[in-house]
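Working notes, beginning with the structure itself.
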Amino acid sequence: MATPVANSNQQQQQASGGGRGGRGRNNKGKGRGKGQRNQWDGRSQAITLDSRTGTSSNSGPTRSVRFSLYYNIKNLFVCRHEIVGLVTAVGSSVHKFKVGDRVGVGVIVGSCQTCDICEQSLENYCPKVMFTYNSTYHDGTKTYGGYSDMIVVHQRFVLQFPDNLPSDAGAPLLCAGITVYSPMKYYGMTEPGKHLGVAGLGGLGHVAVKIGKAFGLKVTVISTSPKKENEAIKKLGPDAFILSSDPAKMKYIALFNNYIIDTIVAVHPLAPLLSLLKMDGKIVIVVLPEKPLELPIFPLVLGRKLVGGSDIGGMKETQEMLDFCGKHNITAVIELISVDYINMAMERLAKSDVKYRFVIDIANSLSRPDCSM
Ligand SMILES: [Zn+2]
């Protein structure tokens with residue numbers, strides 16, 4: 001039976017400050033060479049993505065060919081879960097992919113695959129979901145995400161990447177894109193002509209603007225940052241930009257929106273956002289503030305309003321989202337960096353100084369002599 005491993009070749013991992021890649025080192029010390037040689041044979045439903053460029057590698061029985069791999073970092077901890085690359089090897093039972101396909105891996109790499117939730121392809125809500133990083137895989141190994149030059153993933157958790165989307169700017173869709181797309185579909189927030197408010201204009205919010213516009217919605221950005229207005233209007237094309245710190249403007253759009261997607265990570269009051277919703281309006285929170293938010297009940301009851309939550313999306317819907325973004329040519333706005341810029345990128349992230357996602361070009365980074373392992 002397949003026992004795919006979420007990430008392999010960890011000694012090639014490129015995380016800021018080092019200290020990662022323990023699995024690779026442990027393997028060396030525990031004489032698991034024979035087991036490793038046999039692993040690929042058991043991964044009958046797994047595929048391998050590899051990052052570097054070249055014609056061959058010494059990565060063992062996978063006989064992988066090295067290709068470019070892009071991945072993304074997010075927030076202040078290193079998620080490394082928006083990965084795009086080319087397939088370099090497939091297991092004997094893989095039928096969805098072939099060597100050379102450009103594919104993506106998002107936030108999850110495993111689930112039980114048998115429960116009612118998985119049968120609905122809502123693997124992200126499976127009680128046994130395994131994330132691309134910081135999870136324990138079926139075989140007991142820890143998942144480390146995409147900071148490696150190769151990753152092995154069960155085919156169920158691999159996505160075909162649209163031909164027309166670039167790998168670097170398209171990679172953030174694998175988390176940011178599905179995080180905003182899924183609630184819009186589930187909560188019925190896609191009716192053309194309706195008004196969508198996007199609270200917070202960061203990695204998630206800016207993609208929500210683009211997807212909302214593609215659904216034919218009238219989109220208003222609700223932001224705390226006046227600096228973002230000009231660029232947001234120019235690059236993202238919302239219909240309006242409102243500063244949440246401007247009471248007059250907030251009052252002007254009171255009871256204006258049918259839907260709001262709340263992407264504000266910081267602890268924040270919900271009352272001002274609820275005041276922007278029409279009767280029957282819906283606000284969906286897609287982030288995880290570190291403390292509970294205060295929820296005023298009066299506007300909910302008196303306006304029959306709804307507050308919901310949503311966490312990424314299942315594999316079927318994630319593929320649907322990618323295809324939708326391909327059709328509408330939607331990508332993230334990114335800054336492409338090399339591995340050796342990670343520490344600076346982390347410092348800038350702490351100051352919210354990124355527009356809007358950092359994406360690391362590991363293939364070109366690793367080909368540079370000063371970054372070689
Ligand atoms: Zn399940």
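Give me the residue from segment 86-133 that is assigned to a loop (DSSP other than H, G, I, E, B) and basic (Lys, Arg) and, out of that set, farthest from the ligand (Cβ to nearest atom).
Initially, segment 86-133 is screened for residues assigned to a loop (DSSP other than H, G, I, E, B), giving 91-101, 106-107, 111-115, 120-122, 126-129, 132.
Among the residues that remain, those that are also basic (Lys, Arg) are: 96, 98, 128.
Values: Lys96: 19, Lys98: 27, Lys128: 6 Å.
Of everything passing the filter in segment 86-133, Lys98 is farthest from the ligand (Cβ to nearest atom).
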Any chance Tyr137 is touching a residue at least 24 places away in the same chain (Cβ under 8 Å) and either in contact with a Phe, Trp or Tyr (Cβ under 8 Å, 6 or more places away or on another chain) or buried (at least 22 other Cβ atoms within 10 Å of the Cβ) (or both): no
Could you say which residue among Leu336, Leu349 is surrounded by 15 or more Cβ atoms within 10 Å (Cβ to Cβ), touching a residue at least 60 places away in the same chain (Cβ under 8 Å) and assigned to a strand (DSSP E or B)? Leu336
I'd like to know if segment 204-222 contains one or more residues that are touching an Asp or Glu at 6+ places or on another chain (Cβ under 9 Å), aromatic (Phe, Trp, Tyr) and under 23 Å from His268 (Cα atoms). no
Which members of segment 134-175 meet the condition of being within 16 Å of the ligand (Cβ to nearest atom) and part of a helix (DSSP H, G or I)? Arg156, Phe157
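Just give me the residues in segment 285-321 being touching a Ser or Thr at 6+ places or on another chain (Cβ under 7 Å) and farther than 18 Å from Asn258 by Cα, in sequence order.
Pass one, segment 285-321, residues touching a Ser or Thr at 6+ places or on another chain (Cβ under 7 Å): 286-287, 299, 310, 312-317.
The answer is Val287, Ile312, Gly313, Gly314, Met315, Lys316, Glu317.
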Report, ordered by the first and then the second residue, all pairs with beta carbons closer than 9 Å, sequence separation of six or more or different chains, a first member in segment 111-127 that is over 15 Å from Ile312 (Cβ atoms), and a second member that is more than 7 Å from the ligand (Cβ to nearest atom) and at pLDDT below 95. Gln113/His154; Gln113/Arg156
Just checking, which of Leu165, Leu173 is touching a helix residue (DSSP H, G or I) at 6+ places or on another chain (Cβ under 8 Å) and farther than 23 Å from Gln120 by Cα? Leu165
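The values are calculated or read from the model by the stated rules, or taken from the named source; none is laboratory data. Note that the coordinates shown come from a computational prediction; the quantities given were computed from them, not determined experimentally. Neighbour counts are summed over all protein chains in view; Cβ atoms, including those assigned to glycine, are modelled from backbone coordinates with ideal geometry.
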